[in-house]
Amino acid sequence: MIGMNQQNMNGINKYILLKNIIINEPISRIELSHLTGLSKMTVTGLIKEYMDAGIVQECGMADSTGGRRRTYLQVAPESLLTLGIHVGRDNLNVGIINLKGQIIQSESMELSAMENNDIFLKGLFLLCDRLMQTRYREKVWGIGISCAGPLLVKDGVILNPPDFNNIRNLPIVSCLEERYDLPAYLQNDICVAALAEVYFGNRNQYDDFIYVGISAGIGGGVIMNGKLYTGFSGLAGIMGHTIVEKDGILCECGQRGCLEMYSSTRAVVKWARENGAGKDLTWMELLVRASSGDEVCMKAVERMTGYLEVAFANMANAYDTQCFIIGGDLHIYQEKIVKRLEEKLRSKSFSWGQERNIHVESSSFIGSASFIGTVALVLENNSEV
């Protein structure tokens, strides 16, 4: 790399090692050398630095195969802690999360009463202060924030997400850094969920995948070569606003025919209500009635899945990914929709489907990926280890 000095390279190599220990532990030094391409001497030296700092520890030995037995390594979970913040449409969650993605302590509040940025910040600081006044404070090394878009990620600003209780143009990163004197990082909640799958999920066999969150909105997080890919403007993987119906329903983004207008939970409920399912129908009621054979609700889910098939095929062609991982609010219909989408992407009707062998799987997490993933967000950005 042009202009890369030894100290910067050392920091990058340390991060690569720490990431691989978290993902693959327990793991030996020689295995780390093979995985990362770093020399045995470099691995040994950097691991010693981590062990001296109490961040990595030895955790047993491999069975003997006739030669020298390998010593396994793992992270010391509470050596580096993250102040994780997830700003949802309905709730604000704040927690202390360790290097294994375990939530040690958390606080939350409803967002329905937030009238402006100032009131939101008072509530946020109240929750954060409670956690930062505990014994965990001295081990917190960074703040990770996940939030629905649109965001100005590089500037650390929440712009104007829909249905967000009047939170507008909020420089949340600078506010938190000033108050707690810690580095803070902001990212789209679906991208953070994708990072959670990389670090803490059960999908380590995939270096390239797209995480799709289906709820009141639809988002995508693109992982390439094990790292989050956000594109030139930070908007890669915006699945909800891919066009699935030419000249279709007008979306609040200004386009017509966006996937969100057909396959988000909100859109599916709206269609079912308009087609005779009852004006008070909820998403959970729709799923229960569909699973019981209700004709309108079954058609609503079928219509939803059909449009998802179009969007997934388009994304598969665009990114040539190994796998789609689906999270969000599909609940009892999750596995059925996962199976249907995988069958579509592997069918002969999908161009080159047999050669690609694309997988579709359920998320490793239920509802917490965008919160737990804030640890990975800090790890990806904070080189001060």
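The values are calculated or read from the model by the stated rules, or taken from the named source; none is laboratory data. Remember, it's a predicted structure, so these values are computed and weren't measured experimentally. All Cβ positions, glycine included, derive from the backbone under ideal geometry; neighbour counts span all protein chains shown.
Residues satisfying the criterion are absent from the range 2-15 (criterion: at pLDDT 95 or above and on the phi > 0 side of the Ramachandran plot). The residues of the range 168-191 that are outside any loop (DSSP other than H, G, I, E, B) and of a type in the set (A, V, I, L, M, F, W, C), listed by number, are 170, 172, 173, 175, 176, 184, 186, 190, 191. For the range 45-71, filtering for residues that are at pLDDT below 95, touching a strand residue (DSSP E or B) at 6+ places or on another chain (Cβ under 9 Å) and of a type outside the set (D, E, K, R) leaves 5. Against the condition modelled with pLDDT under 95 and under 23 Å from the mean Cα position of the chain (by Cα), how does residue 91 come out, does it pass? Yes, satisfied.
Residues of the range 10-28 being in a helix (DSSP H, G or I), closer than 23 Å to residue 78 by Cβ and of a type outside the set (S, T, N, Q), which ones?
To start, the set of residues in the range 10-28 that are in a helix (DSSP H, G or I) comprises 10-24.
Next, from what is left, pick out any that are closer than 23 Å to residue 78 by Cβ: 11, 14-24.
Once the filter is applied, which keeps residues that are in a helix (DSSP H, G or I), closer than 23 Å to residue 78 by Cβ and of a type outside the set (S, T, N, Q), the range 10-28 yields 11, 14, 15, 16, 17, 18, 19, 21, 22, 23.
Can you tell me which residue among 303, 340, 273 is basic (Lys, Arg), out of contact with any helix residue (DSSP H, G or I) (no Cβ under 8 Å at 6 or more places or on another chain) and farther than 26 Å from residue 231 by Cβ? Break it down into steps so the answer makes sense when it comes.
Values: 303 fails: out of contact with any helix residue (DSSP H, G or I) (no Cβ under 8 Å at 6 or more places or on another chain); 340 fails: out of contact with any helix residue (DSSP H, G or I) (no Cβ under 8 Å at 6 or more places or on another chain).
When all the criteria are applied, what remains is 273.
A Cβ distance below 9 Å, combined with a sequence gap of six or more or placement on separate chains, defines the contacts here; from the range 236-259, residues that are assigned by TED's automatic domain parsing to the domain that holds residue 308 and farther than 21 Å from residue 221 by Cβ reach residues that are aromatic (Phe, Trp, Tyr) and outside any strand (DSSP E or B) in the pairs 245/262; 245/307; 248/262; 249/262. Annotation note: Cβ proximity below 7 Å between a residue of the range 311-329 that is within 14 Å of residue 221 (Cβ to Cβ) and a residue that is of a type in the set (Asp, Glu) and in a helix (DSSP H, G or I) (sequence gap 6+ or interchain) occurs for 325/197. Could you tell me whether residue 262 is closer than 25 Å to residue 345 by Cβ, crowded, with 19+ Cβ neighbours inside 10 Å, touching an Asp or Glu at 6+ places or on another chain (Cβ under 7 Å) and of a type in the set (Phe, Trp, Tyr)? For residue 262, the condition - closer than 25 Å to residue 345 by Cβ, crowded, with 19+ Cβ neighbours inside 10 Å, touching an Asp or Glu at 6+ places or on another chain (Cβ under 7 Å) and of a type in the set (Phe, Trp, Tyr) - is met.
To keep it simple, each residue is scored yes or no on (1) in contact with a Gly (Cβ under 8 Å, 6 or more places away or on another chain); (2) of a type in the set (A, V, I, L, M).
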| residue | (1), (2) |
| --- | --- |
| 154 | yes, no |
| 173 | yes, yes |
| 186 | yes, yes |
| 206 | no, no |
| 210 | yes, yes |
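Sort out which residues of the range 58-95 are among the polar types (S, T, N, Q) and surrounded by 14 or more Cβ atoms within 10 Å (Cβ to Cβ), and write them in order of number. Write out each step before concluding.
To start, the set of residues in the range 58-95 that are among the polar types (S, T, N, Q) comprises 64-65, 71, 74, 79, 82, 91, 93.
Across the range 58-95, the qualifying residues are 71, 74, 79, 82, 93.
Across the range 181-199, the qualifying residues are those that are surrounded by fewer than 24 Cβ atoms within 10 Å (Cβ to Cβ) and in contact with a helix residue (DSSP H, G or I) (Cβ under 8 Å, 6 or more places away or on another chain), and the one among them that is farthest from residue 129 (Cα to Cα) is 199. Would you call residue 117 modelled with pLDDT under 95 and on the phi < 0 side of the Ramachandran plot? So residue 117 passes the test.
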